[in-house]
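Heads up, the thing below is written out as structure tokens.
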Amino acid sequence: MVAIDFGLIHEAAQVLLSGGLVVFPTETVYGLGALAGDASAVARLYRVKGRPATNPLIVHVASIDAARKLAGEGWNPWAEALAQRFWPGPLTLVLPRSFGLADAVTAGGPTMAVRVPDHPVALALLQACGKPVVAPSANTSGRLSPTLAAHVEEDLGDSVDLILDGGPCRAGVESTVIDLTVNPPRVLRPGPIAPALLEAVLGGLATGPGNETIARSPGLETRHYAPLTPMMSFDDYREAVQHVAISRAKGHSVLLIVFEDRQADIVLSAIPSMAESALYAALHRADAGRPDLIVVVLPPDQPDWWAVRDRLKRASRGMDLLQA
Ligand code: AMP
Ligand code: MG
């Protein structure tokens with residue numbers, strides 16, 4: 001249970017309302033908050049993160065009612081059903097864009113992304129602020145997402161106005177993003193809410209990384225969610241171990257990460273939600289040791305594992321060059 005310091009929340013809301021940047025905990029990862037309607041605050045947020053202008057932001061609000069009001073005519077029965085079932089929670093809805101958002105928030109596009117986070121500090125802040133707040137992960141663009149205030153301190157500590165520490169983030173990976181402007185709705189980014197849960201509410205769903213139908217979300221083409229250390233991912237354990245052995249024989253320091261009870265430097269849980277929750281902290285720790293290479297054996301290609309596989313594959317993108 002997080003003890004909420006309402007004096008500090010009030011101060012943080014004032015910082016947001018006067019155009020500042022506030023880092024706050026959510027159940028997914030730490031967010032870098034700015035008022036969604038304040039073009040200059042949003043511009044500063046993009047600068048601080050070094051985020052490409054083509055990558056839109058998720059708008060956070062305190063309640064389903066606030067989301068309905070924000071979306072206006074764009075709110076639809078799918079949104080209502082999903083919100084009732086999963087909010088507050090790690091599900092982001094893409095809806096037609098509404099008024100009152102800085103252009104940069106939607107990357108100039110006709111849609112917006114919105115969610116109600118499930119964290120007492122985030123909710124208290126959104127409530128105190130009373131306005132929609134954008135909150136991408138509080139890290140330099142492309143790097144590992146922060147699941148501890150210390151991760152943020154190290155990466156962005158000097159360039160933000162306030163950091164609210166709420167301890168470790170429970171879910172640990174970014175929200176599931178679902179596009180409700182297409183029929184059937186489509187998962188744009190896998191996350192803590194698994195496709196089967198969405199399907200149970202919606203009936204039909206287009207989904208799946210590795211599936212040709214998955215939409216390309218802007219800004220996710222390059223290496224992302226990545227440690228500073230080069231990283232390679234393998235589906236096959238033996239292949240990974242072989243690569244580690246070869247690299248070590250060449251004198252490189254290599255860290256091996258696996259998802260089950262095997263011989264490795266870091267062993268993550270074989271339960272998807274637990275592995276998600278520990279993922280970024282493990283990668284931050286691995287990175288801190290400054291090895292030459294991180295090798296990871298991917299968990300199985302099954303829907304419950306898509307969020308973890310997606311992040312690890314993006315983090316190791318382009319690294320096949322190292323195999324030479
Ligand atoms: P984050 O980096 O966690 O803040 O997540 C932002 C991600 O949400 C983007 O990279 C997109 O994948 C997705 N997103 C945000 N807004 C939109 C939108 N209007 N349309 C499609 N995807 C969006
Ligand atoms: Mg991010």
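About its Cα centre, what dipole magnitude does segment 221-324 give when the only charges are +1 on Lys and Arg Cβ and -1 on Asp and Glu Cβ, stated in debye to the nearest 20?
360 debye
Mean projection of the alpha-carbon convex hull of the chain over all orientations, in nm²?
16.0 nm²
So which aspartates and glutamates can Lys69 reach, going by Cα to Cα under 17 Å and dropping same-chain residues fewer than 8 places off?
The qualifying aspartates and glutamates are Glu80.
At a 1.4 Å probe radius, carbon and sulfur cover how many percent of the accessible area of segment 259-324?
On segment 259-324, the fraction of accessible area on carbon and sulfur atoms equals 50 percent.
If one takes the longest principal axis of the Cα atoms in the chain, at what angle in degrees, from 0 to 90 and to the nearest 10, does the Cα axis of helix 39-49 lie?
Roughly 10 degrees between the two axes.
Per-residue counts of other Cβ atoms within 10 Å, averaged by peptide: what ranking do you get for 116-125, 150-159, 273-282, highest first?
Details: 116-125: 23.1, 150-159: 16.8, 273-282: 20.4.
Per-residue mean Cβ counts within 10 Å order the peptides as 116-125, 273-282, 150-159.
Grab the Cα-Cα distance for Lys69 and Ser40, subtract it from 0.36 nm times how many residues apart they are, and report the gain in nm with one decimal.
Residue separation times 0.36 nm, minus the Cα-Cα distance, leaves 8.1 nm.
Nearest 5 percent is fine: what portion of the DSSP beta bridges confined to the chain is antiparallel?
Numbers: 15 of 36 bridges.
Bridges in the chain that DSSP calls antiparallel: roughly 40 percent.
Just from its helices, what would the mean residue ellipticity at 222 nm be for the chain, if runs of 4 or more DSSP H residues each count -39500 (n - 2.57) and the sum is divided by every residue, rounded to the nearest 500 deg cm²/dmol? Write out the running numbers ahead of the final one.
Working: 10 runs with 107 residues, N = 324.
So the helix-based figure for the chain works out to -10000 deg cm²/dmol.
Give the residue list of chymotrypsin sites (Phe, Trp or Tyr not before Pro) in segment 65-164 that are DSSP loop and have at most 16 other beta-carbon atoms within 10 angstrom.
Those that pass, being in a loop and sparsely packed, are Phe99.
Could you work out how far helix 6-17 tilts from the main Cα principal axis of the chain, as a 0 to 90 degree angle to the nearest 10?
Once rounded, one gets 80 degrees.
Put one equal scatterer on each alpha carbon of segment 220-259, apply the Debye formula with no solvent term, and list log10 I(q)/I(0) at q = 0.22, 0.25, 0.35 1/Å to two decimals.
-0.81, -0.95, -1.23
Tell me the carbon and sulfur percent of the accessible area for segment 91-167, rounded to whole percent, probe radius 1.4 Å.
Summing carbon and sulfur atoms, their accessible area is 50 percent of the total for segment 91-167.
Can you tell me the orientation of helix 272-288 relative to the chain, as the angle in degrees between its alpha-carbon axis and the longest Cα principal axis, to the nearest 10?
70 degrees
Ordered by packing density, taken as the mean number of other Cβ atoms within 10 Å over each peptide's residues, highest first, how do 263-270, 16-23 rank?
Details: 263-270: 15.8, 16-23: 19.6.
Going from most to least packed, we get 16-23, 263-270.
With a Förster radius of 22 Å, plug the Cβ-Cβ distance of Asp265 and Ala196 into 1/(1 + (r/R0)^6) and report the FRET value to the nearest 0.05. Intermediate values should be presented prior to the final figure.
Working: r = 33 Å, r/R0 = 1.48.
The formula returns an efficiency of 0.10 here.
In nm, what is the difference between 0.36 nm times the number of residues separating Asn76 and Gln302 and their Cα-Cα distance?
Extra length available between Asn76 and Gln302 comes to 78.4 nm.
Can you tell me the order of 246-252, 299-305 when each peptide is scored by its average per-residue count of other Cβ atoms within 10 angstrom, highest first?
Ranked from most to least packed, the peptides come out as 299-305, 246-252.
Give me the accessible area per residue for the chain, probe 1.4 Å, as a whole number in Å². Present the calculation step by step, with values, prior to reporting the outcome.
Numbers: 13940 Å² over 324 residues.
Accessible area per residue: 43 Å².
The values are calculated or read from the model by the stated rules, or taken from the named source; none is laboratory data. Only a predicted model underlies this, so the values are computations on that prediction, with no experimental measurement involved. Using ideal geometry, Cβ is built from the backbone for each residue, glycine included, and neighbour counts are taken over all protein chains shown. Areas reflect the complete protein model, heavy atoms only, side chains present, ligands, DNA and RNA absent. Shrake-Rupley method; radii C 1.70, N 1.55, O 1.52, S 1.80 Å.
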